[in-house]
1. Check Ile272, Ile260 and return the single one that is aliphatic (A, V, I, L, M), at pLDDT 95 or above and within 30 Å of Val352 (Cα to Cα).
2. So in the stretch 341-376, with the set limited to residues that are assigned to a loop (DSSP other than H, G, I, E, B) and touching a Leu at 6+ places or on another chain (Cβ under 9 Å), which one is surrounded by the most Cβ atoms within 10 Å (Cβ to Cβ)?
3. I'd like to know if the stretch 52-60 contains one or more residues that are acidic (Asp, Glu), closer than 28 Å to Gly487 by Cβ, surrounded by fewer than 20 Cβ atoms within 10 Å (Cβ to Cβ) and touching a Ser or Thr at 6+ places or on another chain (Cβ under 9 Å).
4. Out of all the residues in the stretch 407-463, which are at positive phi and under 24 Å from the mean Cα position of the chain (by Cα)?
5. For the stretch 164-177, name all the residues that are touching a strand residue (DSSP E or B) at 6+ places or on another chain (Cβ under 6 Å) and either surrounded by fewer than 22 Cβ atoms within 10 Å (Cβ to Cβ) or among the β-branched types (Val, Ile, Thr) (or both).
6. Restricting to the stretch 314-340, what's the tally of residues that are crowded, with 24+ Cβ neighbours inside 10 Å and aromatic (Phe, Trp, Tyr)?
7. Looking at this structure, is Gly139 surrounded by fewer than 23 Cβ atoms within 10 Å (Cβ to Cβ), in contact with a strand residue (DSSP E or B) (Cβ under 6 Å, 6 or more places away or on another chain) and either of a type in the set (Phe, Trp, Tyr) or more than 16 Å from Val43 (Cβ to Cβ) (or both)?
8. Could you please let me know if Ala89 is over 17 Å from Arg463 (Cα atoms), surrounded by 24 or more Cβ atoms within 10 Å (Cβ to Cβ), touching a Phe, Trp or Tyr at 6+ places or on another chain (Cβ under 6 Å) and of a type in the set (A, V, I, L, M)?
Amino acid sequence: MSPFLECRRLWLSLALLICSGAFTSCSSENNEPTYAGPLPDVVIVMVDTLRADFVDWDPSGGTPFLAELAKESVVFEDASSAAPWTLPAIASLVTGRHVVEHGVVQETRRLPGKMKTLAERLGERGYATRAFYRNAFAGPMCDLDRGYEFSARSPFDSGGAEILPMLKQPDGSPDERPLLLYVHNAEPHDPQDKPSNKSMFLSDEEHEFVKWYGKTVSDYRVLTRRNYQHSKRKSEIDFDAEQARLVAELGERQEEAHRIYARAVKESDERIESIVEELRTRGRWEQTLFIVVADHGEEMGEHDGWLHDQSLYQELVHIPFMVRFPGGEYAGTRIDDPASLVDLLPTVLGVVGADVREGELEGRDWSSVLAGGIAAGDEARVVSMRINERKRFGPWQRERGDRNVAVRAGKWKAIWSVGLDRVELYDTENDPGEQNDLSTSQPERSEELAEVARAAWERMKSRSQIVEGEGFEGLDEGALENLEDLGYIGGE
């Protein structure tokens, strides 16, 4: 690790301890964490905007630590996010429910009070619950921090030095309770802003590209939001042509975009390693249920778009999802059955022995599947949903609509448009890039999966609960700056 990054980490740890007043540092051995009870610690590292195909399982590749960690973990090779952007995806993670149920699809929505979060459920089991998040959408604005005893937005991505205080009580003394720790980092989100892409060792040409890329994607983001707002006002003005021009320009430099994205992913890999090393050093690793997951991927021209939120194609919803069970149980297992981000909560509850009412959650408890030694099979299931209320590109709105449901059955993937009642069908095994829509040549299979999507939409819609909140108006200046830095607001 560079001296700059090490100094920054030490500064951040000190600043958070001083400014928050929530935790104080103690260095004596008597103050090390001592928990060794029957329930496992649960540590979730969420990497914002991490595509599955940029995780390299070769130890000599771009993510060497994750490649090594996979040897003692269960890797879900075909996992999908529950939604194609952060806010609804994290709401699904913490509730185990799909988007149409919790309704958190924009900043003015809050989690329904009757939907228990993972932190609330584990708190009832006696867990210390703590969260550290880089993206303000994971915080109090939409109630996604509900149930945490301590939750803080970090100005930087968090590594081992930053999570150390979370292993203790606020006064620095040992915490003998099991721990739920949620760490939300965002290295691949806006990779042009990461230290590896501002390094003095990059060439002048690379520095020039990083600068150009940052401005171009910022302009593109603003246009998608502006186009949506004008369409809501039924304005005759649209920005389709400008969006198409910027996407074409970005597409011409896709290879360079991949390089800066990969550098940011490597930073993420190093940060996850530092967290694991801290857990090992503090004696918290062996009993820990350690989960690495992403909230969504990133489109970089694969379907003529850029960034995220605009579809349910694999570049946006295929995410890394790996679980290191306590003691390394099931080490090295690879699961190729379709999984979903909504599976995380029921899987954690299954490991800690928490009860869930039958039919309460759509997600699957993979700990039970693994314990039974059986495959989940090819039964069709909903893995992702999209409800768009933020962005617009005219051709896509007409072709895809704003409400979509992705259904998986083995290698088959259907994307059903709710408003248009149109279905696309892809063979993800032979066409992983989803370039060949088979809905016309496979009408029976298409209709079968579309019917699963229709039934699921109606079933979940009947349980939908919409709760309005303050939105951006309720945020402090720091949170607003954070969201502007990440490109969610500003620039109009």
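The values are calculated or read from the model by the stated rules, or taken from the named source; none is laboratory data. Values in this document were obtained by computation on a predicted structure and should not be read as measured data. Please note: Cβ atoms are built from the backbone with ideal geometry, for glycine as well, and neighbour counts cover all protein chains shown.
1. Ile272
2. The selected residue is Gly363.
3. Yes; the residues of the stretch 52-60 include at least one that is acidic (Asp, Glu), closer than 28 Å to Gly487 by Cβ, surrounded by fewer than 20 Cβ atoms within 10 Å (Cβ to Cβ) and touching a Ser or Thr at 6+ places or on another chain (Cβ under 9 Å).
4. Within the stretch 407-463, Gly410, Glu434 qualify.
5. Selection gives Asp175, Arg177.
6. 1
7. yes
8. Here the answer is no, as Ala89 does not meet what is asked.
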